[in-house]
1. B:R255: open to solvent by 20 Å² or more (accessible area, probe 1.4 Å), part of a helix (DSSP H, G or I), charged (D, E, K, R) and in contact with a strand residue (DSSP E or B) (Cβ under 9 Å, 6 or more places away or on another chain), yes or no?
2. Applying the selection to region B:742-756, what residues are more than 11 Å from chain A (Cβ to nearest Cβ) and open to solvent by less than 20 Å² (accessible area, probe 1.4 Å)?
3. Determine if region B:96-104 includes at least one residue that is under 34 Å from the mean Cα position of the chain (by Cα), within 14 Å of another protein chain (Cβ to nearest Cβ) and not aliphatic (A, V, I, L, M).
4. Every residue in region A:199-240 that is in contact with a strand residue (DSSP E or B) (Cβ under 8 Å, 6 or more places away or on another chain) and either assigned to a loop (DSSP other than H, G, I, E, B) or in the same structural domain as A:A135 (by TED's automatic domain parsing) (or both), please.
5. Any residue that is free of Cβ contacts under 8 Å to residues at least 40 places away in the same chain, of a type in the set (S, T, Y) and surrounded by fewer than 18 Cβ atoms within 10 Å (Cβ to Cβ) - is there at least one of those in region B:684-691?
6. Identify all residues within region A:158-201 that are more than 10 Å from the ligand (Cβ to nearest atom), of a type in the set (F, W, Y) and within 14 Å of another protein chain (Cβ to nearest Cβ); write none if there are none.
7. For region A:94-112, enumerate the residues that are of a type outside the set (D, E, K, R) and either assigned by TED's automatic domain parsing to the domain that holds A:P206 or within 8 Å of the ligand (Cβ to nearest atom) (or both).
8. Anything in region B:77-95 that is open to solvent by 20 Å² or more (accessible area, probe 1.4 Å) and either within 13 Å of chain A (Cβ to nearest Cβ) or assigned to a loop (DSSP other than H, G, I, E, B) (or both)? List them, or say none.
Amino acid sequence: MGMIPARFDYKQAGSVAEALQLLASCDDAKLLAGGHSLVPLMKLRLVSPSTLIDISGIAELQEITDTGPVLRIGALTRHRVVERSKVVAQHVPLLAHVAALVGDPQVRNRGTIGGSLVHGDPAADLPSVALATGATMVVTGAGGERRVAAGDFFVDFLETAVGPDEILTAIEFPKRTGAGFGYEKFVRRSMDYAIVGVAVQAGDQPGIALVNMGSAPRRADAASRALASGAGVDAVAALAADGTNPPEDLNANADYRRHLASVLTKRALLAAGYR
Amino acid sequence: MSLIGARVLRKEDPNLITGQGQYVDDLAPAACAFMAVVRSTEPHARIVAVDTSGARAMEGVLAVWTAADIATLPARPSSLPGMDMPLITGDVARFVGDVIAVVVAADRYTAADAAEAVIVDYESLPAVASLAQALAPDAPMIHPVLQGNTVFFQDYTQDLSAEFAAAPHTASLSLVNNRCAPVPIEPNVVLADWGPAGLTVWAAFQAPHHLRNTIAAFFGISQDTTRVIAPDVGGGFGAKINFASEIFLAAALSRALGRPVKYTQTRSECMVAMFHGRAQEHKVDVAFDDSGRILALQVQVTQDQGAYPDATGMGLPVLTTAMSAGCYKIPKVAVSWRNVVTNTTPVAAYRGAGRPEASYMIERVIDLVADETGVDPIDVRKTNFIPADGFPYQTHSPLAVYDSGNFAGALDELLRHVDYAALKAEQAARLADPTAKLLGVGFSSWLEIAGFGPPGSLEAFGHLASWESAQVRVQPDGSAIIYTGASPHGQGTVTTFAQIAADQLGIDFDRISVRHGDTAVIPQGIGTMGSRAVAVGGEGVKTASTRVFERAKKIAAHLLEATEDDIVVENEEFHVRGTPSKSVPWSQVAWKSFQPLELPAGMEPGSLDATVFQQVPNFSFPSGAYCCVVEIDRETGRVEIRNMYLVDDCGTVINPMLVEGQVHGGVAQGIAQALYEHMQYDESGVPRTATLIDYLVPAASDLPGYVSGRTVTLNPSNTLGAKGVGESGSVGAPPAVINAVVDALSHLGVKHIDMPATPQKIWSILRGSK
Ligand SMILES: Cc1cc2nc3c(=O)[nH]c(=O)nc-3n(C[C@H](O)[C@H](O)[C@H](O)COP(=O)(O)OP(=O)(O)OC[C@H]3O[C@@H](n4cnc5c(N)ncnc54)[C@H](O)[C@@H]3O)c2cc1C
């Protein structure tokens, strides 16, 4: 019970091409980035891949590039790097702010932004940033690169648009320089996953996204629309949980989660400068 | 200068904080094999078949045992007849975590794979997952020897119906003392090596001699060839005085395989296999007058024993009911208790073991009386306190004769730190502002029974005796080694005992070592539990040191040609009082103590060596007063502790830094019980909080800073005056926190909220009030 994963092979990939090749040649292989979601599942034997393909050494996927309209962040960039990056703080301040709220320093020193997004955990923090800011995912496969909007990326519980033979290589965040933002993470214990979280991005293309309010990370569509059309914070917050089907667990039943979603939305909106 | 009361740095720390500690899992003798355990995933089920063929066929697997393979061995020691906990259960699994098979392999990874390959075929049986289910009419039964699921029932010790009928007011309260998992950083770990010369067992354990004696009896072998070693132990909180089945299984497997066998529990196993604590329900009735004076108290405790009653677990409600009156002079107290089995992890000692339950109950009752009468909780406490000159005080229980304390003094000291009037004003102001967080102020005037103890106190739990051993041995160079039976598991005993010895011997603290934990080295011993190490074991070190010092003085007097009564020691030099020039160093005295020609007539060589089996006449009674200030978010229901004020009275303080460490740790566990931790089962008996994702152990960042104060009343049962402080925080904190939460919500008519006070629970109350 716990701690010791089933037997597996371990391979290192030095480049994206090599990783794709290894993925294609091994049955039932899994990519290993920071290992901070995958390894716990393996220790509990909830997943038992035959092979781990370690991509964490691929240097080209750890760069943060300012391309003008967007900030392109390599999928293997660690949370800690994102949290401390000056360009990220300047152009996508919501991302820098939320990266600093993921787990604890040890987790942030290992975990990667790409791993966090591809894992598709509805309770994770960073997917909400991608959704609220309207980021684009760059997915690479044998046939080359394709781009997937954040809104189409999160499919279901631990399921994203990345196919079994594909790699998320980068995330493109539209710049939100100077725009207000807010993030509210409700936890019972510091450093935990959110019981409910809400991300708000202000600006000319505002967005609101929810953490742990359904089987996948999701935008608060009704609330986002209301915000774009100029509704006040109370009216927007009242719509936060619209259309959600929140999970139930020991910390929160569905009613409580809906309530928290609207309380936190209001707080995040106020933090983002809305009145 | 005395070292008693000095803030001396821990001798233990250089090793531990540089990673040089030696825990059982660090030991890796040659040819060591590894054990893994197959545990029941069913709360209650008939075991139809256990298919071990896949595991046996794996390369590197050395043994796979099921119940049939240990048929000649007895059940787990400390079980109750007819309700024995089998080391490996063969017919029926009675809780999730019950052992069904064990596997040994040449390496840890193969062992884990082989355990995974054992296939168990279950036929589910109806289970009882809670006290309510276990006590329902026609409830499914766990042990056929019982009529129902009650193991033991003690009816009210007296009939108080007349007192209640005559009282001006009465009130009642139902309380749940939530089940907690101990969660030491180091889980249960054992390494057993059974060779031709005998059996050696390294175990993460709090009472090595107790384990040695038990293992020898279990296997029918002689104690002289049975050796138990508890090296560095990474916390225990009481759970490591329980005889974990794995210890006996590892030894039996080592005998069978002829090689060392190691077992390291995983965290997931630890959550369900290491015995839990608390798990009580209380029904309380109180009679009182207009002034808040309590006239009579009636308490009924129902203790969940889990699937297999343990001797320690059976004692928990005895301690709770003995301490039910707390710090208060209550004319009539009737207590009743019931021990009940359920299809859950067994319940036994956990930091405080029975006393936190009592203090929580009586301190909630005090606040209830305050609420009912409109008298301030501070005044209700003061009205009912046993006065400072009221000791010794015979309680309703023959077990508890309080021997010292100053409860009003501790509360007054607390109120020097807390601006109560200002807090109450702030509370009112916040109530008037709907955007402000609610404020609550809660107190607890707590008292516990510790320093186990007087003859008979530990024998009742199966121990050899209740003394503690101490041996002081001066070495030829004048340094000293202390051997103690009070084997620590993180307390800092090596430091405090050296402080005590240094004072008595006049030997430098840096030249005193303290050894513990090895039954081949320590004369005999009992162990560290029930906040007894300093109060009993430390007193033993003092007694033995004094004896050695008296003999050293004799030798010094002989060498200085002076009379013994004139000899004093200073800076490790013996000299004649008033004549410092005439002196002999400790090292000389020590050296010569081994040389027959240098000794005074009648003294034997090697006599600077004394062993004491320290007895004490009574338990000790640490007490104190705590205050907790909470803020509650009105929209989310989240409780935040703003301040925590702690006044402890543990008698003489040997080392304030270590006392603070114990208090802070105990309070952290108390806050954890009040706000975070709750071991829960679903209706069928499946644990819902068996990982540290769901079982919320708070981190340092979740806890407030503490303001500490102190009062000192001496323990009359030893010459040190020390009472023990290992459990205090966990006794005092939960009621202070919950009293504060209830205070914050009392304007809504809230009279009680069960632990843990989770945001969702509080939100439901706040929502209901709208
Ligand atoms: C104690 C602890 C606390 C945590 N707290 C939080 C928290 O508060 N909030 C939070 O959001 N997260 C939290 N996490 C999760 C953490 O953020 C992880 O780092 C993150 O979820 C996964 O990133 P990773 O790089 O570790 O991915 P991995 O664990 O290596 O991989 C996760 C999954 O994604 C796949 N994958 C990884 N990278 C790629 C890629 N580039 N392309 C395709 N597939 C890929 C892997 O195959 C795997 O299936 C916590 C983790 C731990 C251990």
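The values are calculated or read from the model by the stated rules, or taken from the named source; none is laboratory data. Predicted, not measured: the structure shown is a model, and the values here were computed from it. Cβ coordinates were reconstructed from backbone atoms using ideal geometry, including for glycine residues, and neighbour counts include every protein chain displayed. In case anyone asks, the SASA skips ligands and DNA or RNA and just uses the protein heavy atoms, side chains included. Shrake-Rupley method; radii C 1.70, N 1.55, O 1.52, S 1.80 Å.
1. yes
2. Residues satisfying the conditions are B:V742, B:A744, B:L745, B:V750, B:I753, B:M755.
3. Yes, region B:96-104 contains at least one residue that is under 34 Å from the mean Cα position of the chain (by Cα), within 14 Å of another protein chain (Cβ to nearest Cβ) and not aliphatic (A, V, I, L, M).
4. Within region A:199-240, the subset in contact with a strand residue (DSSP E or B) (Cβ under 8 Å, 6 or more places away or on another chain) is A:199-202, A:205-213, A:215-220, A:223-224, A:227, A:236, A:240.
A:A202, A:Q205, A:P206, A:N212, A:M213, A:S215, A:A216, A:P217, A:A220, A:A240 - these are the residues of region A:199-240 that are in contact with a strand residue (DSSP E or B) (Cβ under 8 Å, 6 or more places away or on another chain) and either assigned to a loop (DSSP other than H, G, I, E, B) or in the same structural domain as A:A135 (by TED's automatic domain parsing) (or both).
5. Scanning region B:684-691 turns up no residue that is free of Cβ contacts under 8 Å to residues at least 40 places away in the same chain, of a type in the set (S, T, Y) and surrounded by fewer than 18 Cβ atoms within 10 Å (Cβ to Cβ).
6. Correct list: A:F186 only.
7. Keep residues of region A:94-112 that are of a type outside the set (D, E, K, R), which gives A:94-103, A:105-107, A:109, A:111-112.
A:L101, A:V102, A:G103, A:Q106, A:V107, A:G111, A:T112 - these are the residues of region A:94-112 that are of a type outside the set (D, E, K, R) and either assigned by TED's automatic domain parsing to the domain that holds A:P206 or within 8 Å of the ligand (Cβ to nearest atom) (or both).
8. Correct list: B:P77, B:S78, B:L80, B:P81, B:G82, B:D84, B:P86, B:G90, B:D91, B:R94.
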